[in-house]
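A quick write-up on the structure given underneath.
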Amino acid sequence: MKKQKKVQTQRFIGSTKITGREEWQNTETGEVIESVTTLQQVQDINFTKVWITHLLYGLEVVGGSKMKVVNYILDNLNYTENILIATYPEIASDTGVSERTVGETIRLLREANFLKTRPGIIMLNPDVLAKGSPGKRQALLIKFETFSNNPNNQDKQGDANDK
């Protein structure tokens, strides 16, 4: 088929852009077919994205029973807000590791900027893992930057378990 292009104005319908009309002619039969051409924007919406280099860096600091704590955090994370609401004793009980191991693991992950904590709340860094659109990730990054990781603001249980 021989392509003869007659492009009209461009406009968007939702995330699809109509780029114009085209005429295709079958060189054997002479038949002309008119078509509308479109350009669809591909967006990354509602996916869980893992920035593997950040994740691997964070995981380098933990191993053995500490991996149980990391797995618990990832399995129980609220992906809407990238947070986990849980105390060290709850995590220890659910994972079968000591509170000291939970505290040390979380301390190591805080130092690696893998997460930040507040009393009873853990927020995972959206640079490590985020679910949703790029705009949502940006909003989570802003929230993460303002989320307290200051030792003066740390939960008392975290300080006690870090020792």
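Results, tabulated for the structure shown:
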quantity	calculated
Alpha-carbon spread of segment 63-108, three principal axes, descending order, Å	28, 19, 17
Cβ-based exposure ranking for LEU140, LEU84, in which fewest neighbours within 10 Å come first	LEU84, LEU140
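Just so you know, all these numbers are worked out from the coordinates, no wet-lab data involved. Just so it is clear, the model here is predicted, and its values are computed rather than measured. Every residue, glycine among them, receives a Cβ derived from its backbone with ideal geometry; neighbour counts consider all protein chains shown.
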